[in-house]
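Just below is one structure, and these are the notes that go with it.
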Ligand SMILES: Cc1cc2nc3c(=O)[nH]c(=O)nc-3n(C[C@H](O)[C@H](O)[C@H](O)COP(=O)(O)O)c2cc1C
Ligand SMILES: O=C(O)C(=O)c1ccccc1
């Protein structure tokens, strides 16, 4: 499969398929739905949102130090371009990840409650991701059911992210996993850093929790889950539909129980999920090694975009150490702070197999629904493609894109 910004041939006769390239579309004055400037998406989207939604997506934990460090870390690495590298076409962006060859090295990170940004929410985002050949990771906190997101994603690659109920509610976990497998979600991402929401001053100032809105956004998976509905009825003596407020509170408590699981508990998921399991939220070398020991297929080096803990280390800062410790034994994926093509190039050069895009595609969703998400994904991939091409880097595989293309800016002075 080819990335759709450059569909069709990348032959040696016609190395740059200008006709269909994102780059050329930018130059040919066809108006994009909104700007190609990646650092302007946030402020443009913010203008369109309610104060609550804006605080929710832009906000971070505490003083924002972790989120700021995530961004600052990218500027500490620089790409050294090489010249007269005889190229035979645009760089090949395909990657091998989780046992699969995929056309490009990014995925849509799991993001909950997407209907607060656009009425079509996850349906629009999943459809755009499929169209752009980008895997879509569906959040447990989605505002649409598993089955409906699967429909919107069609034959696109889709993965399921779990917010994990406590062990005493394991039948609810099994039910979610079975539904996701049946609906064609082929890998399981287990988020480890959010068994309770972080200290988020913007949301607290707004008195805002997306789950506690009157329109029940973010609880669709629970409200449509037969096992959860049974549980509720047994416990409360009435149905979910008879007491929506109590059902929402019960589901929130089920998926954000406030207490963590253990490495030992992962076995349970391995017994009930057929396919790759990826643990999201790893920030230490020690934890990465334990992930290898327990036999999961991948990890996401992530600090949840700085939304969970303040004063944390930058996600990119930890990436090389984690890759050095486990990169040859497990797939290391990365997120937190990626905003442009060069950021993706740097994370891949430091050893990530794939990058998850968080806030940027949500800004696209807020600015233009499905078309807006497509625009953001295409822009990031077009930007990545040219960034590699102009640095003389032939592909996004480790053979060509590795630490030899980077230098630490601080070391130069
Ligand atoms: C509004 C919002 C909601 C999120 N919801 C989830 C979620 O439901 N599950 C999850 O694992 N991560 C969630 N995340 C974290 C992302 O998956 C990802 O780790 C993070 O956004 C990456 O950082 P970035 O936004 O700087 O790219 C959320 C992030 C945002 C901004
Ligand atoms: O806000 C988040 O980061 C997150 O993971 C989440 C939690 C609950 C509902 C929606 C998203």
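Just checking: which of the helices (runs of 4 or more DSSP H) contained wholly in region 137-215 hold 2 or more residues that are under 16 Å from residue 255 (Cα atoms) and more than 16 Å from ligand 1 (Cβ to nearest atom)?
170-182
Hey, could you check region 365-404 for residues that are more than 23 Å from residue 315 (Cα to Cα) and under 16 Å from the mean Cα position of the chain (by Cα) and say which is nearest to ligand 1 (Cβ to nearest atom)?
Going through the qualifying residues, I end up with 365.
Please state which one of 245, 218 is within 12 Å of ligand 2 (Cβ to nearest atom) and either over 24 Å from the mean Cα position of the chain (by Cα) or part of a loop (DSSP other than H, G, I, E, B) (or both).
Answer to the check: 218.
With the condition kept exactly as written, say whether any residue in region 319-333 is surrounded by 22 or more Cβ atoms within 10 Å (Cβ to Cβ), closer than 29 Å to residue 40 by Cα and under 15 Å from the mean Cα position of the chain (by Cα).
Yes, the conditions are met somewhere in region 319-333.
Determine the pairs where a residue that is in contact (Cβ under 8 Å) with a residue 60 or more places away in the chain and within 27 Å of residue 200 (Cα to Cα), located within region 284-310, has a partner that is more than 16 Å from ligand 2 (Cβ to nearest atom) and part of a helix (DSSP H, G or I) with Cβ atoms under 8 Å apart, the partner being 6 or more residues away or on another chain.
Pairs found: 306/65; 306/68; 306/69; 310/65.
If residue 219 satisfies every condition in (1) surrounded by 19 or more Cβ atoms within 10 Å (Cβ to Cβ); (2) at pLDDT 95 or above but one, which is the exception?
Residue 219 satisfies every listed condition except (2).
When the residues of region 255-285 are narrowed to those that are assigned to a loop (DSSP other than H, G, I, E, B), touching a helix residue (DSSP H, G or I) at 6+ places or on another chain (Cβ under 7 Å) and over 16 Å from residue 334 (Cβ atoms), which ends up nearest to ligand 2 (Cβ to nearest atom)?
So the residue we want is 273.
Is it the case, given these coordinates, that residue 287 is in contact with a strand residue (DSSP E or B) (Cβ under 9 Å, 6 or more places away or on another chain) and either surrounded by 14 or more Cβ atoms within 10 Å (Cβ to Cβ) or under 17 Å from residue 159 (Cβ atoms) (or both)?
Yes; evaluated as a whole, the condition is true for this residue.
For region 280-317, which positions are under 15 Å from the mean Cα position of the chain (by Cα) and away from ligand 1 (no atom under 11 Å from the Cβ)?
Passing the criteria: 282, 298, 299.
Go through (1) over 24 Å from residue 296 (Cβ atoms); (2) within 16 Å of ligand 2 (Cβ to nearest atom); (3) surrounded by 24 or more Cβ atoms within 10 Å (Cβ to Cβ) for residue 165 and report which single condition fails.
(1)
Criterion first (modelled with pLDDT of 95 or more, within 16 Å of ligand 1 (Cβ to nearest atom), in contact with a strand residue (DSSP E or B) (Cβ under 6 Å, 6 or more places away or on another chain) and not in a loop (DSSP other than H, G, I, E, B)) does residue 107 satisfy it?
yes
Could you count how many residues in region 286-328 are within 16 Å of ligand 2 (Cβ to nearest atom), in contact with a helix residue (DSSP H, G or I) (Cβ under 7 Å, 6 or more places away or on another chain) and assigned to a helix (DSSP H, G or I)?
Here the count works out to 3.
Which one of 374, 336 is in contact (Cβ under 8 Å) with a residue 60 or more places away in the chain, surrounded by 21 or more Cβ atoms within 10 Å (Cβ to Cβ) and outside any helix (DSSP H, G or I)?
So the residue among 374, 336 that is in contact (Cβ under 8 Å) with a residue 60 or more places away in the chain, surrounded by 21 or more Cβ atoms within 10 Å (Cβ to Cβ) and outside any helix (DSSP H, G or I) is 336.
Does residue 125 satisfy being more than 21 Å from residue 352 (Cβ to Cβ), more than 12 Å from ligand 2 (Cβ to nearest atom) and touching a strand residue (DSSP E or B) at 6+ places or on another chain (Cβ under 7 Å)?
Judged against the criteria, residue 125 is a match.
Tell me which residues, restricted to region 138-159, are within 16 Å of ligand 2 (Cβ to nearest atom) and closer than 16 Å to residue 220 by Cβ.
If the condition is that a residue be within 16 Å of ligand 2 (Cβ to nearest atom) and closer than 16 Å to residue 220 by Cβ, then 138, 139, 140, 141, 142, 143, 144, 145, 146, 149 are the ones that fit.
In the set 113, 85, 97, which member is touching a residue at least 40 places away in the same chain (Cβ under 8 Å), under 23 Å from residue 393 (Cα atoms) and crowded, with 18+ Cβ neighbours inside 10 Å?
Only one candidate passes the filter, namely 97.
Pick from region 47-62 the residues that are more than 13 Å from ligand 1 (Cβ to nearest atom) and assigned to a helix (DSSP H, G or I): which of them is nearest to residue 204 (Cα to Cα)?
In this case the residue turns out to be 51.
The values are calculated or read from the model by the stated rules, or taken from the named source; none is laboratory data. Predicted model only: the values in this text are computed from it and were never measured. Virtual Cβ from ideal backbone geometry, glycine too; neighbours counted across all protein chains shown.
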